[in-house]
Amino acid sequence: GGWLRMTAMSQSFGAPEPNITERFGHDHTRLDDLLQRFERLNGSDLAAARLVFAEFKAALERHMGCEEEVLFPMFEARTGMDDPGSTAVMRGEHHRLKNYLDQIQVALVQQWPAPILDVLALEDLLMQHSQTEETVLYPALDSMLGSAERARAVAGMELFGEGDAIPAPA
């Protein structure tokens, strides 16, 4: 299997890798899956719902942290946009997402199911937000940055959470 491993390794040094759109988009999918699992459990199995929500909340906070600390500054530096542009809008959406996370957390800590309106509002905002990132921010970064910078951005995602890259069991 040595030759196969070498081939796989050499492929990882090809031009399209690493890709921000792919890596962060994959994380969006994982977050969506966790949120769906939480929604299914929220009304029926509160103990399991709390565990899934804790995992979702930590993963989303990590994802947003990496965007705010790594991706947004790279985008702003490249575009010269430190005015209230698209990253300011996205930071505002992150703030609103964190508020929903906190509200849901309060309910779960008090042993109540999360209010369905909060969960749906979170889900709706997250969907719109992810779509903007996947169609605008990530592709722009992939085209503006050199491969070393893209590698730094993707590595930033790994640094923000140890062991979080493993998809949760279904």
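Computed from the coordinates by the stated procedures, all read-outs in this text should not be read as laboratory data. Computed from a prediction, not measured in an experiment: that's the story for all the values here. Quick reminder, even Gly has a Cβ in these numbers, built from the backbone with ideal geometry, and neighbours come from all protein chains shown.
Here are the numbers:
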item: Spin-label pair ALA88/LEU51, simplified geometry with 7 Å Cα→Cβ offset, distance in nm; result: 4.5
item: Separation between Cα centres of the range 18-80 and the range 105-159, rounded to whole Å; result: 5
item: Length gained when the stretch THR29-MET127 is fully extended (0.36 nm per residue, less Cα-Cα span); result: 34.3 nm
item: Reference-scaled alpha-carbon Rg (2.2 N^0.38 Å with N residues) for the range 70-162; result: 1.31
item: Dipole moment magnitude, nearest 20 debye, the range 20-170 about Cα centre, only Lys, Arg, Asp, Glu C-beta charged; result: 220
